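The values are calculated or read from the model by the stated rules, or taken from the named source; none is laboratory data. All figures in this text were calculated on a predicted structure; none of them were measured in a lab. Positions of Cβ are generated from backbone atoms using ideal geometry, with glycine treated the same way; all protein chains shown enter the neighbour counts.
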Amino acid sequence: MKEELKLLIKTFHGKKPTELKKRNLDKIPLNTTKIISLIGSRRVGKTYSCYQIISELINKHNVNIENILYINFEDDRFDYKLENLDLIIQAYSELYPNLDFSKCYFFFDEIQEVDNWEKFIRRLHDTYTKNIFITGSSSKLLSKEISTSLRGRSLAYEIYPLSFKEYLGFNNIEIDIYNTTSKNKMKHLFEKYLKVGSFPEIINYEENVVQKTYQEYLNVMIFKDIVERYNIKNQKVLNLFIKKTISNIGVDFSINKFHNELKSQGFSISKDFLYELPSYLEDIFLVFFLEKYNKSTMKRNLASKKVYVLDSGFSNLFKFNEDYGRLLENLVFIELKRQGLEIYYHRDKFECDFIIQDRDIVSKVIQVTKSLTNEDTKKREINGLLEAMKEYNLDEGLILTQDEESEEIIEGKKITIMPVWKWSLGKLNKLEYK
């Protein structure tokens, strides 16, 4: 196996660098004493992100390619187990006996495929180099167990499908909201981004190929990341659960109600099993469950949760009753997740879609709707926003729509109305178009 590993390493070093479309990886540090973990769904671009970081190390930081070790643990040519991981280092050392390992960069892709991998990584970090990057398709890389085993050595960063800004870059569209031609192109592409999906691989695919690709993504997630990982016996119920959640984005989800639906269809299933499924889906970054805001953790856990999906492309696999407003809401949720914000929803007499908490203080409130042209809709959205603004002592609020833009002062509160496509080009608190 060692000789095969040498060939693998030399092949990587001999590859001609490919021109990469840039993703926004500015937040990921290159030179720290921490193990950098990149986590996210399959096919979301973690390997691509590794390549981009490697490219930056070579082109901007003058790191020699021989000082970079890259291993993909999903390579089926090798049977990677904890006991033979040392062969990787042996092969690398024998190829380059004069290397100063402290100046080398190790990239280990999809490392969760190896049981007890953290022992190996910890030892490398202690004895060889502090420059270690790992990726994985499970949020378990964020768990307290992993943090404990790495003993404070790691920093985790989540990778999501393309942001709208990245999507425009991958389509070679100039971002200029003051140029009519550019603006029209951006708005046209936003509709495709919203409805078709934002995984990097599918950008130039025909519609029928996109559908098949998302189905394959889902199949792998179900079989490899859930059924095998968690030893699921009742796969039919799992499939029904996934279909139910993805078909109801932006809507409250009740385990009790779903359990009763299954019973009415003749299924005999433990409610405890059903209560485990949400965490499984969140572990693989497929579906997210948003809690109602409350300072009490217990009350948050007991309240009903709203469902969102990683990418709209998955909702197209089911008979999702396409509600444009719910698609917009889902997109905004994922963008807030991408920014690493702490998100909840508000509900009392009225409802507000998103509550942003920063250091135990609610800092922003957001409503999402297709349009405010209908007076009843406008009244509902503004009432929900105003209620949240008063509850959390905020003077400003945001309503995101398909294409409306204005500012209003209501009851002394400033309400900004903005198209989602434009908001998606910048950060939450300010727009940065360039």
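Quick one: in segment 296-314, of everything that is of a type in the set (Gly, Ala, Ser) and within 30 Å of Val209 (Cβ to Cβ), which residue is surrounded by the fewest Cβ atoms within 10 Å (Cβ to Cβ)?
Gly313
Can you name the condition, by its number, that Lys379 falls short on among (1) closer than 20 Å to Phe333 by Cα; (2) outside any loop (DSSP other than H, G, I, E, B)?
Tallying (1) closer than 20 Å to Phe333 by Cα; (2) outside any loop (DSSP other than H, G, I, E, B), Lys379 fails exactly one: (1).
With the structure loaded, tell me whether Lys212 is closer than 23 Å to Ile269 by Cα, without any contact (Cβ under 8 Å) to a residue 40 or more places away in the chain and either part of a helix (DSSP H, G or I) or within 21 Å of the chain's Cα centre (by Cα) (or both) or whether it fails that test.
Values: closer than 23 Å to Ile269 by Cα: no; without any contact (Cβ under 8 Å) to a residue 40 or more places away in the chain: yes; either part of a helix (DSSP H, G or I) or within 21 Å of the chain's Cα centre (by Cα) (or both): yes.
Considered against the rule, which asks whether it is closer than 23 Å to Ile269 by Cα, without any contact (Cβ under 8 Å) to a residue 40 or more places away in the chain and either part of a helix (DSSP H, G or I) or within 21 Å of the chain's Cα centre (by Cα) (or both), Lys212 comes out as no.
In the list Ser55, Ser49, which residue meets the criterion of being surrounded by 18 or more Cβ atoms within 10 Å (Cβ to Cβ) and not in a loop (DSSP other than H, G, I, E, B)?
Ser49
Would you pick out the residues in segment 33-46 that are surrounded by 13 or more Cβ atoms within 10 Å (Cβ to Cβ) and not in a helix (DSSP H, G or I)?
Within segment 33-46, the subset surrounded by 13 or more Cβ atoms within 10 Å (Cβ to Cβ) is 34-46.
Passing the criteria: Lys34, Ile35, Ile36, Ser37, Leu38, Ile39, Gly40, Ser41, Arg42, Arg43, Val44, Gly45.
With respect to the numbered conditions (1) hydrophobic (A, V, I, L, M, F, W, C); (2) out of contact with any Leu (no Cβ under 7 Å at 6 or more places or on another chain); (3) modelled with pLDDT under 95, which one is the sole condition not fulfilled by Leu290?
Answer for Leu290: the failing condition is (3).
Quick check on segment 135-155. Is at least one of its residues part of a strand (DSSP E or B), of a type in the set (Val, Ile, Thr) and surrounded by 14 or more Cβ atoms within 10 Å (Cβ to Cβ)?
So in segment 135-155, the residues part of a strand (DSSP E or B) come out as 135-136, 154-155.
With the extra rule that they be of a type in the set (Val, Ile, Thr), the set shrinks to 135.
Next, from what is left, pick out any that are surrounded by 14 or more Cβ atoms within 10 Å (Cβ to Cβ): 135.
Looking through segment 135-155, at least one residue is part of a strand (DSSP E or B), of a type in the set (Val, Ile, Thr) and surrounded by 14 or more Cβ atoms within 10 Å (Cβ to Cβ).
Criterion first (out of contact with any Cys (no Cβ under 7 Å at 6 or more places or on another chain), within 20 Å of Val307 (Cα to Cα), among the polar types (S, T, N, Q) and at pLDDT 95 or above) does Asn374 satisfy it?
Judged against the criteria, Asn374 is not a match.
Let me confirm something: among Glu391, Glu411, Glu396, Glu342, which residue is surrounded by fewer than 18 Cβ atoms within 10 Å (Cβ to Cβ) and either over 27 Å from Lys295 (Cβ atoms) or in contact with a His (Cβ under 9 Å, 6 or more places away or on another chain) (or both)?
Unique residue meeting the criteria: Glu391.
Filter segment 58-85 for residues that are farther than 26 Å from Glu113 by Cα, in a helix (DSSP H, G or I) and either without any contact (Cβ under 8 Å) to a residue 12 or more places away in the chain or charged (D, E, K, R) (or both) and give the result.
The answer is Asn59, Lys60.
Please verify whether Glu174 is assigned to a helix (DSSP H, G or I) and not basic (Lys, Arg), treating the condition exactly as stated.
Against the criterion (assigned to a helix (DSSP H, G or I) and not basic (Lys, Arg)), Glu174 does not qualify.
For segment 392-413, which positions are more than 22 Å from Leu328 (Cα to Cα) and over 30 Å from the mean Cα position of the chain (by Cα)?
Filtering segment 392-413 down to residues more than 22 Å from Leu328 (Cα to Cα) leaves 392-395, 409-413.
Listed by number, the residues that qualify are Asn393, Asp395, Ile409, Ile410, Glu411, Gly412, Lys413.
Just checking, does segment 362-372 include any residue being part of a loop (DSSP other than H, G, I, E, B), under 23 Å from the mean Cα position of the chain (by Cα) and more than 22 Å from Tyr160 (Cβ to Cβ)?
The answer is yes; a qualifying residue exists.
Of the numbered conditions (1) free of Cβ contacts under 8 Å to residues at least 60 places away in the same chain; (2) touching a strand residue (DSSP E or B) at 6+ places or on another chain (Cβ under 6 Å); (3) farther than 30 Å from Lys192 by Cβ, Ser270 fails exactly one; give the number of that condition.
(2) is the only condition that Ser270 fails.
Quickly run through segment 348-371 and pick out the residues that are of a type in the set (D, E, K, R) and in contact with a Ser or Thr (Cβ under 9 Å, 6 or more places away or on another chain).
Asp353, Lys370
Results for (1) assigned to a loop (DSSP other than H, G, I, E, B); (2) in contact with a strand residue (DSSP E or B) (Cβ under 8 Å, 6 or more places away or on another chain); (3) within 13 Å of Pro161 (Cβ to Cβ); (4) of a type in the set (Gly, Ala, Ser), shown as yes or no for each residue.
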residue	(1), (2), (3), (4)
Phe289	no, yes, no, no
Met298	no, no, no, no
Asn301	no, no, no, no
Gly313	no, no, yes, yes
Leu317	yes, no, no, no
Leu327	no, no, no, no
Ile334	no, yes, yes, no
Lys337	no, yes, yes, no
Gly340	yes, yes, no, yes
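Residue under question is Asp109, and the condition is that it be under 20 Å from Lys10 (Cα atoms), buried (at least 18 other Cβ atoms within 10 Å of the Cβ) and among the charged types (D, E, K, R); does it hold?
Values: under 20 Å from Lys10 (Cα atoms): yes; buried (at least 18 other Cβ atoms within 10 Å of the Cβ): yes; among the charged types (D, E, K, R): yes.
Here the answer is yes, as Asp109 does meet what is asked.
For segment 147-193, what are the residues that are over 23 Å from Phe120 (Cβ atoms), among the basic types (Lys, Arg) and without any contact (Cβ under 8 Å) to a residue 60 or more places away in the chain?
Answer for segment 147-193, where residues must be over 23 Å from Phe120 (Cβ atoms), among the basic types (Lys, Arg) and without any contact (Cβ under 8 Å) to a residue 60 or more places away in the chain: Lys183, Lys185, Lys192.
At least 1 residues that are surrounded by 14 or more Cβ atoms within 10 Å (Cβ to Cβ) and under 22 Å from the mean Cα position of the chain (by Cα) in each: list the helices (runs of 4 or more DSSP H) lying fully within segment 232-283 that qualify.
Values: elements: 235-246, 255-264, 271-283.
In segment 232-283, the matching helices (runs of 4 or more DSSP H) lie at 235-246, 271-283.
Scan segment 414-427 and tell me whether some residue there is in a loop (DSSP other than H, G, I, E, B) and out of contact with any helix residue (DSSP H, G or I) (no Cβ under 9 Å at 6 or more places or on another chain). Explain how you work it out, then say what you get.
Residues of segment 414-427 in a loop (DSSP other than H, G, I, E, B): 424-427.
Now drop any that are not out of contact with any helix residue (DSSP H, G or I) (no Cβ under 9 Å at 6 or more places or on another chain), which leaves 427.
Yes, there is a match, as at least one residue in segment 414-427 is in a loop (DSSP other than H, G, I, E, B) and out of contact with any helix residue (DSSP H, G or I) (no Cβ under 9 Å at 6 or more places or on another chain).
Can you spot a residue in segment 241-248 that is in contact with a strand residue (DSSP E or B) (Cβ under 6 Å, 6 or more places away or on another chain) and either among the hydroxyl-bearing types (Ser, Thr, Tyr) or closer than 26 Å to Gly136 by Cβ (or both)?
The answer is yes, given that some residue of segment 241-248 is in contact with a strand residue (DSSP E or B) (Cβ under 6 Å, 6 or more places away or on another chain) and either among the hydroxyl-bearing types (Ser, Thr, Tyr) or closer than 26 Å to Gly136 by Cβ (or both).
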